[in-house]
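Q: Got a structure here, written out as structure tokens. Questions coming.
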Amino acid sequence: MTAPLPGWLVAEMAAVPPRDALAGADELATESARLAAEHPGVVTRRRIGTSGQGEPLTALTVGGPGPSALVIGLPHPNEPVGGLTALHLARRLAEDDGLRARLGLTWHVVPCIDPDGLRLNEGWLTGPFTREHYARHLYRQAGTEQIEWSFPLAHKDAWFDAVLPETLALMRLVDEHRPVLMASLHNAEVGGVYHYLSRPEPDLHPVLQAVPAEVGLRLHRGEPEAPWIPLLAEGIYRSLDIRDAYDHLEVTGEHENLAGGNSTGAYAARHGTLTLVTEVPYWRDDRLGDDAASGDHRATLLRGAAEALDDLATTLTGALTDLAGLVHESPFVRATRFFAPFLAGSATDLARRAAQDPDRPATVAEHASLDEVVDMARLRYGGMLLRALDAEQALGNVRPAVRAARADLAERFAVWAAEAAGRAPATRVPLRDLVAVQAASVLGAAAHLAASLD
């Protein structure tokens, strides 16, 4: 049983307005400029960099003086809830002198750090909000092109310095302001709510655990995103760090397949920053919060997920081989080329985990989370390649190999979508609830640092 939230934080959650659609890049930019114009004595807006395709990157600064907090929206372009949350936080802080005084921070808010990637997701932002429609219109970069995973890295034999312009903008902000708190606003797809913290904060854990229930959501109790991620408390993990992944995979030699840099939180750690990530789902599946016995062995479920991911990797790799030299090197093709071997490596890791603990029973949450690992991968990465092949044909590339690959993948995708729909409910979570959870988590962490939760 989690402790009740302080009244002021409950009131903040209740004050989040309803929202019918997610915001695109133009809306986020327009609303950001409007907020600065409406509060000239409290809010300033400045350019912090330029995107890869030439779009201005901007940040809002709210309040001051005082230690800094940094809030980042759209660290991944298919996770746009954070854009709404960033603007909501900036507006509440601009409007409420008492809230700013309670927290005692100067807030630097980046509503959208990836406008280029967000524009490639705008086909699904206004609905219909189904998993299939989402998967057919989403974009998720190859790992080496992801802002969240392109910070400098020097760890053993791992080296990365191909920093993206968007990443460079965040590095400047972090180094200039040395934030005591940084919130990187991500969101998941299906399931419950879970958090990442860059270090244990035992007094903050109960607050983060209690926030989801305020809007009727459950904490995630299934498998973590990766087996090397330490669990700090129920629904709270230590922040992702590629060095942990390297050390975990070094045992089997698979570390050589890692590509890309480190995370925002790993970079900010040099300044003693507390980094918070709150993952909220588009669709709820309360099974992921159920720790009752499922009646299955965890090893059996791990092996099944491994086989499914290996089959997906083989399908994507085979399609790329058949299409070599016949299609454009689009962002979607580059992403597929990156994720196919990544999925194969994930399959190997799942199979190894199955062999390590063959007799342990699985909870309902663990069963559901392994199903979701498969469904998310199939829909996300199969959908991206299918989108690329649709674009090829729309441009006039109707070579037999392109048409055959597209037909085969479309048939598979239809089966995958039907299986996902049959396994998990497709109950959409109201956007205001997702914003409320993220915003309250950030405000709760800030109040924790200010020692003023009561």
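The values are calculated or read from the model by the stated rules, or taken from the named source; none is laboratory data. Predicted, not measured: the structure shown is a model, and the values here were computed from it. Neighbour counts run over all protein chains shown; Cβ positions are idealised from the backbone, glycine included. Surface accessibility is based on the protein's heavy atoms, side chains included, excluding ligands, DNA and RNA. Shrake-Rupley method; radii C 1.70, N 1.55, O 1.52, S 1.80 Å.
Q: Among 90-99, 191-200, 321-330, what's the highest-first ranking by average C-beta atoms within 10 angstrom per residue?
A: Numbers: 90-99: 17.8, 191-200: 23.0, 321-330: 12.9.
Top to bottom by mean Cβ count within 10 Å: 191-200, 90-99, 321-330.
Q: Could I ask something else about it? How large a share of the accessible area of region 81-207, in percent, is made up of carbon and sulfur atoms when the probe is 1.4 Å and the other protein chains stay in place? Before the final figure, lay out the partial values.
A: Details: 2220 of 4220 Å².
Accessible surface attributable to carbon and sulfur in region 81-207 totals 53 percent.
Q: Using the Cα gyration tensor of the chain, with a ≥ b ≥ c the square roots of its eigenvalues, what is the shape: rounded (a/c below 1.5), prolate (a/b larger than b/c) or oblate (neither)? All intermediate terms of the calculation are to be shown ahead of the outcome.
A: Values: a/c = 1.59, a/b = 1.31, b/c = 1.22.
It is prolate, given that a/c is not under 1.5 and a/b is the larger ratio.
Q: Rounded to the nearest 5, what is the percent of antiparallel bridges among the DSSP beta bridges in the chain?
A: Numbers: 24 of 43 bridges.
Approximately 55 percent, going by the DSSP bridge assignments.
Q: Let me ask another. Over what distance in Å are the Cα centres of region 16-31 and region 303-324 separated?
A: Centre-to-centre distance over Cα atoms comes out at 37 Å.
Q: Along the positive direction of the dipole of the chain (beta-carbon charges: Lys, Arg +1; Asp, Glu -1; about the Cα centre), which of VAL327, ALA404, VAL364 reaches farthest?
A: In the chain, that residue is VAL327.
Q: Still on this structure, I have one more. Amide H neighbours of SER68 under 5 Å, counting only residues 5+ apart in sequence or on other chains, H built in-plane at 1.01 Å?
A: Those lying under 5 Å, H to H, from SER68 are THR106, VAL180.
Q: Let me ask something additional. Please give the helix 298-322 orientation as an angle from the longest Cα principal axis of the chain, in degrees from 0 to 90, rounded to the nearest 10.
A: Helix 298-322 sits roughly 70 degrees off the main axis of the chain.
Q: Per residue, how much accessible area does region 69-108 have with a 1.4 Å probe, in Å²?
A: Numbers: 830 Å² over 40 residues.
With the other protein chains kept in place, region 69-108 gives 21 Å² per residue.
Q: Here's another thing I want to ask about it. From the Cα gyration tensor of region 1-126, with a ≥ b ≥ c the square roots of its eigenvalues, which class applies: rounded if a/c is under 1.5, or else prolate if a/b is larger than b/c, or else oblate? Each step should come with its number before you reach the end.
A: Working: a/c = 1.98, a/b = 1.31, b/c = 1.51.
The shape class here is oblate.
Q: Right, another one. What angle do you read, to the nearest 10 degrees and between 0 and 90, between the alpha-carbon axis of helix 25-38 and the longest principal axis of the chain?
A: Taking the Cα atoms of the chain, the angle to 25-38 is about 0 degrees.
Q: Of the listed peptides 431-438, 264-271, what is their order by residue-averaged count of other C-beta atoms within 10 Å, with the highest listed first? Walk me through the intermediate numbers first.
A: Details: 431-438: 25.1, 264-271: 20.6.
Going from most to least packed, we get 431-438, 264-271.
Q: What does the charge dipole of the chain about its Cα centre add up to, to the nearest 20 debye, if the Cβ of each Lys and Arg holds +1 and the Cβ of each Asp and Glu holds -1?
A: On the way: 41 positive and 60 negative charges, 149 e Å.
For the chain, the charge dipole is close to 720 debye.
Q: Treating the angle as unsigned and between 0 and 90°, give the value, to the nearest 10°, between the Cα long axis of helix 331-356 and the longest Cα principal axis of the chain.
A: 80
Q: Would you mind telling me the antiparallel percentage of the DSSP bridges in region 7-140, rounded to 5?
A: 65
Q: Then there is this: Assign one of three labels to region 243-296, namely rounded, prolate or oblate, based on the Cα gyration tensor with a ≥ b ≥ c the square roots of its eigenvalues; rounded applies when a/c is under 1.5, prolate when it is not and a/b is larger than b/c, and oblate otherwise.
A: oblate
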